[in-house]
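Engineer: There's a structure below that I have some questions on.
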Ligand SMILES: Cc1cc2nc3c(=O)[nH]c(=O)nc-3n(C[C@H](O)[C@H](O)[C@H](O)COP(=O)(O)OP(=O)(O)OC[C@H]3O[C@@H](n4cnc5c(N)ncnc54)[C@H](O)[C@@H]3O)c2cc1C
């Protein structure tokens, strides 16, 4: 296996999420030469959810290692939207798998939204009253209605219709036509959630170790030997849950994903204006390929996210880009200051579905959740733990989405140009339509 390097991107600036939480409590230490049943590499939501689901099935001989803190990667710095579906477009999922299988798998993601909500309730993580709203950028109500009908018919996925007139009760911007509200969805501080899941993992008897980058791994006999600066770990089973933050540890597997960046900023509290602009306390995204996503925060600030790019950017550039986007939707916010700006890597497979399964004996993958990771990582934890404890029914459904090469640096360039192309198409549609 290969050695890995561990440098952080420039956009890993201080997040509002971390700013409003207390310092995390101490994590477990790594004494030299440990032996465990399962080692999970990566304490994002994919790794932690897998450890939790395993522990809940009676296997807590698990060690989770992260090169930073739990939630250091995308899981602790995302938009905080918890909603159903995979990164792969719903209609494309139906086209590829047929309606029955697609409906079953989509239903699992909605059940996972419910499980995240339930875990939040048990562990005291506040969640929003408002749900997630898809707002129509192109003002094509018939098309949106048709989409809603197809979601119901094909996936048994109910979305509530919000007419253009009713939209003012949720979000007020002349940019939008009608909208669709996803019942059961919500928004929250994802880092707060990561931390309670880490606590739950530890309470179940497993260990979570921070600042322990895995720099190399290899097979020795029937075991895996993982190298960290704090000591070596031997394990029968490894779960690779490194998101978009490592491309080298198991190159054959990790080269099947592309890290794609997306950015977030948080404004100062704009006073009463925010409740006037988003009276429904909803988390909003829109119908473009590269959509804006934003939501009000409990302390009266606005979190604004958007853009997809293969570029690492510094916070000042992120602020400039997103501010322009925000003013396009809410011109009345001109002059409001921005207090935080950051980015994170998502991980995408070519097929835009998670890569879940045992890639070779004892090596499991929990990778490639794209921009839809809050519920699907929880689903992945359940599905992987089921398979590891002998029930492979659900994991088999993911087998058609394996580890295919994502194209390396050339693939990155191709991804970027596809995105630009789609953004241009959206823009042209906005001008013409
Ligand atoms: C800005 C942004 C906004 C987003 N918004 C949303 C949203 O609103 N809703 C939604 O559903 N999804 C959203 N997503 C996507 C979602 O955050 C991800 O799909 C999900 O968090 C992926 O979880 P993960 O555990 O796979 O990866 P990560 O959370 O990235 O975790 C990977 C972990 O592996 C660790 N690691 C990497 N290499 C090593 C190594 N060699 N040794 C030890 N540790 C290592 C990293 O430090 C990191 O903690 C967003 C993503 C971003 C970046």
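Engineer: Six or more apart or on different chains, Cβ atoms under 8 Å: show the pairs whose first residue is in the range 201-229 and without any contact (Cβ under 8 Å) to a residue 40 or more places away in the chain and whose second is in a strand (DSSP E or B) and near the ligand (Cβ under 10 Å from one of its atoms).
Structural biologist: Qualifying pairs under 8 Å: 225/217; 227/216; 227/217.
A quick yes/no check of all residues on (1) over 21 Å from the mean Cα position of the chain (by Cα); (2) under 30 Å from residue 27 (Cα atoms):
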site: 170; (1), (2): yes, no
site: 176; (1), (2): yes, no
site: 187; (1), (2): no, yes
site: 194; (1), (2): no, yes
site: 203; (1), (2): yes, yes
site: 216; (1), (2): yes, yes
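Engineer: Filtering the range 358-369 down to residues that are modelled with pLDDT of 95 or more, more than 10 Å from the ligand (Cβ to nearest atom) and in contact with a helix residue (DSSP H, G or I) (Cβ under 7 Å, 6 or more places away or on another chain), which residue is nearest to residue 85 (Cα to Cα)?
Structural biologist: Restricting to residues being modelled with pLDDT of 95 or more, more than 10 Å from the ligand (Cβ to nearest atom) and in contact with a helix residue (DSSP H, G or I) (Cβ under 7 Å, 6 or more places away or on another chain), the top hit is 365.
Engineer: Can you name the residue in the range 56-89 that is surrounded by fewer than 23 Cβ atoms within 10 Å (Cβ to Cβ) and touching a helix residue (DSSP H, G or I) at 6+ places or on another chain (Cβ under 6 Å) and is also nearest to residue 348 (Cα to Cα) among such residues?
Structural biologist: Restricting to residues being surrounded by fewer than 23 Cβ atoms within 10 Å (Cβ to Cβ) and touching a helix residue (DSSP H, G or I) at 6+ places or on another chain (Cβ under 6 Å), the top hit is 85.
Engineer: Pick out the one residue from 351, 372 that is modelled with pLDDT under 95, closer than 26 Å to residue 308 by Cα and in a loop (DSSP other than H, G, I, E, B).
Structural biologist: Details: 372 fails: modelled with pLDDT under 95.
Checking each option against the conditions leaves just 351.
Engineer: Would you say residue 226 is part of a strand (DSSP E or B), modelled with pLDDT of 95 or more and either under 30 Å from residue 327 (Cα atoms) or away from the ligand (no atom under 11 Å from the Cβ) (or both)? Give the derivation first.
Structural biologist: Details: part of a strand (DSSP E or B): yes; modelled with pLDDT of 95 or more: yes; either under 30 Å from residue 327 (Cα atoms) or away from the ligand (no atom under 11 Å from the Cβ) (or both): no.
Spelling it out, it is not the case that residue 226 is part of a strand (DSSP E or B), modelled with pLDDT of 95 or more and either under 30 Å from residue 327 (Cα atoms) or away from the ligand (no atom under 11 Å from the Cβ) (or both).
The values are calculated or read from the model by the stated rules, or taken from the named source; none is laboratory data. Everything quoted here is computed from the prediction, not taken from an experiment. Note: ideal-geometry Cβ built from the backbone for every residue, glycine included; neighbour counts use all protein chains shown.
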